[in-house]
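First up is the structure itself, then whatever we jot down about it.
The values are calculated or read from the model by the stated rules, or taken from the named source; none is laboratory data. All values derive from a computational prediction rather than experimental measurement. All Cβ positions, even for glycine, are placed from backbone atoms using ideal geometry, and neighbour counts span all protein chains on display.
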Amino acid sequence: MIRYGYKKALCVSILLITLLFIAPLQGIAHPHLFISTQTEFVLNNGKIQGAYETWIFDRFFSADIIQGYDLNRDGVFSKAETQDVYNNAFINTKNYAYFTFIRQGNERHSPEKVSDFSVRQKDGIASYRFYINLSQYSGDFYFAVYDYTFFCDFRYDEKTPVIFTGASGKTPPTYTIAENRKYPVYYDPFDTADMTTMYDTWKPGLQTFYPREIHITY
């Protein structure tokens, strides 16, 4: 089990993942964990069937994962070590909608489950990779990765935020990434890290966040 010698509990308690380490810190409205994301959309005859998300962590959280779960220190996560990461340092993100949101029209949805989870590390940087089924979405849609509690800072990879793989068909999709100010997200800066409440409408005391969305068009 990972032991922490510093107060990183806000986002660590979300991603790591046991409530044993939650510190009731309040009044802190800035991110405590930084994550770069890449999304690989899988095509079949030009239609998106799903997506592999990759989360690349900052060096501090990476050290926690590597030191806590690469038990034989060989630089590779074995099947058993990967399962430990999944059980103890990933699955709790289900309570936060896997930080993944798909929007068509004015409604946002999140995956109920993910599959094909893996973890790796390179040069001291850890990353997760997992698959989301998107076959139920037809036509244009918006895909976004963010933390609606604002404790984690998800940013799309600057060089390769989106990849398309598979059979592209005659009219492969394209994408743009932009901040959508028509569909904001609201959060309470005084919530603790174990709070999972999503605020659909603004009320006094809430802050406003505008997610950057990947707009998939055909």
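Key figures for this structure:
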| quantity | calculated |
| --- | --- |
| Strands (runs of 3 or more DSSP E) fully within the stretch 71-183 counting 2 or more residues that are over 16 Å from the mean Cα position of the chain (by Cα) | 115-122, 162-166, 174-179 |
| Enumeration of residues in the stretch 138-155 that are surrounded by fewer than 17 Cβ atoms within 10 Å (Cβ to Cβ) and either closer than 30 Å to Gln207 by Cβ or at pLDDT 95 or above (or both) | Asp140, Asp153, Arg155 |
| Residue tally, condition over 22 Å from His32 (Cβ atoms), of a type in the set (Ser, Thr, Tyr) and modelled with pLDDT under 90, over the stretch 180-217 | 1 |
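For (1) surrounded by fewer than 18 Cβ atoms within 10 Å (Cβ to Cβ); (2) in contact with a Ser or Thr (Cβ under 7 Å, 6 or more places away or on another chain); (3) under 14 Å from Ile216 (Cα atoms), each residue gets a yes or a no:
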site	(1), (2), (3)
Phe90	no, no, no
Ser118	yes, yes, no
Pro172	yes, no, yes
Ala178	yes, no, yes
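Per-residue answers, yes or no, for (1) touching a strand residue (DSSP E or B) at 6+ places or on another chain (Cβ under 9 Å); (2) at pLDDT 95 or above; (3) surrounded by 15 or more Cβ atoms within 10 Å (Cβ to Cβ):
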{"site": "Ser13", "(1), (2), (3)": "no, no, yes"}
{"site": "Ile17", "(1), (2), (3)": "no, no, yes"}
{"site": "Leu33", "(1), (2), (3)": "yes, no, yes"}
{"site": "Thr39", "(1), (2), (3)": "yes, yes, yes"}
{"site": "Ile48", "(1), (2), (3)": "yes, yes, yes"}
{"site": "Ala63", "(1), (2), (3)": "yes, yes, yes"}
{"site": "Gly68", "(1), (2), (3)": "no, yes, yes"}
{"site": "Val76", "(1), (2), (3)": "yes, yes, no"}
{"site": "Lys79", "(1), (2), (3)": "no, yes, no"}
